[in-house]
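The block underneath contains the structure these notes are about, expressed in structure tokens.
The values are calculated or read from the model by the stated rules, or taken from the named source; none is laboratory data. Predicted model only: the values in this text are computed from it and were never measured. All Cβ positions, even for glycine, are placed from backbone atoms using ideal geometry, and neighbour counts span all protein chains on display.
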Amino acid sequence: MDQNTITHTYIMRVIQKLRSLRRKKEYSQEYMAFMLNISQNAYSRLENGKTPLTIHRLFEICDLLKVKPAEFLGPDVLG
């Protein structure tokens, strides 16, 4: 497995965990987008890996979901 594949896999697992937590909290994509001051379409692209997840955006999302970013950046993400 090359570095690009590992990086992509890691990012997609982080995104999957974010999506799962959002759903668990029963937050819609529309709500998340509104709180992040972006369109619902932009948020959807982020959750689908079509828009890069920046560290800044990750911290904003974690703040909304009331979780620590470390929960998504730890070694268990590649599990």
Problem set entry | Residue check for TYR31: surrounded by 14 or more Cβ atoms within 10 Å (Cβ to Cβ), at pLDDT 90 or above, out of contact with any strand residue (DSSP E or B) (no Cβ under 8 Å at 6 or more places or on another chain) and outside any helix (DSSP H, G or I) | no
Problem set entry | Pairs with Cβ under 8 Å, 6+ apart, first in the stretch 48-65 and in a helix (DSSP H, G or I), second among the aromatic types (Phe, Trp, Tyr) and surrounded by fewer than 16 Cβ atoms within 10 Å (Cβ to Cβ) | LEU64/TYR27; LEU65/TYR27
For this session: For the stretch 43-63, state whether one or more residues are more than 12 Å from the chain's Cα centre (by Cα), at pLDDT 95 or above and either farther than 18 Å from LYS17 by Cβ or surrounded by 15 or more Cβ atoms within 10 Å (Cβ to Cβ) (or both).
Result: no
